[in-house]
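**Q** This is the structure I have questions about; it appears just below.
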Amino acid sequence: MKRAGPLDTAARGAVTAELAVGLPAVVLLLAAVLTGVAAGATQLRVEEAARAAARELMRGSGAEAEDAARRIAGPNALIAVSVNGEWMQVEVRSSVAAPLLDLLPLEVTATAAVLPESLAPGG
């Protein structure tokens with residue numbers, strides 16, 4: 001019967017090898033989770049910016065619409081306003097700032113459309 005004691009010399013390097021393989025996988029998984037969280041937060045911010053800009057457009061203030069969108073989405077966001085018939089549409093785009101995205105750029109987009117108050121029912 002063998003007595004419990006230090007590991008055999010053959011098993012000593014096994015833990016180091018497992019750690020060397022497992023640690024990069026854990027780091028990549030953590031980076032993927034953080035990227036997902038950053039993308040979700042950026043998407044929410046961009047959607048709110050598009051809604052705020054659309055509300056300002058509905059009231060008839062184009063300059064304030066872009067200011068509202070920039071204030072919420074950030075200075076690097078791309079804001080486009082277009083008119084399609086009676087509808088005014090705002091599109092806000094922003095890139096996601098997260099780990100590993102230098103290798104894989106990720107951009108989120110949100111769109112909101114409104115009728116001007118003068119054309120809206122009851123307006």
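FYI, it's all coordinate maths here, none of it is from the lab. Being a predicted model, the structure only gives us computed values, none of them experimental. Cβ atoms come from the backbone with ideal geometry, glycine included; neighbour counts cover every protein chain shown.
**Q** Give the long-range amide H neighbours of LEU106: residues separated by 5 or more places, or on another chain, with amide H under 5 Å away, using H modelled in the peptide plane at 1.01 Å from N.
**A** VAL96
**Q** So for the range 13-119, averaging the separation of alpha carbon pairs under 8 Å that are six or more residues apart and normalising by length, what relative contact order in percent results?
**A** 30 percent
**Q** Compare the peptides 71-84, 44-57 by average per-residue count of other Cβ atoms within 10 angstrom and give them in order, highest first.
**A** Output ranking for 71-84, 44-57: 44-57, 71-84.
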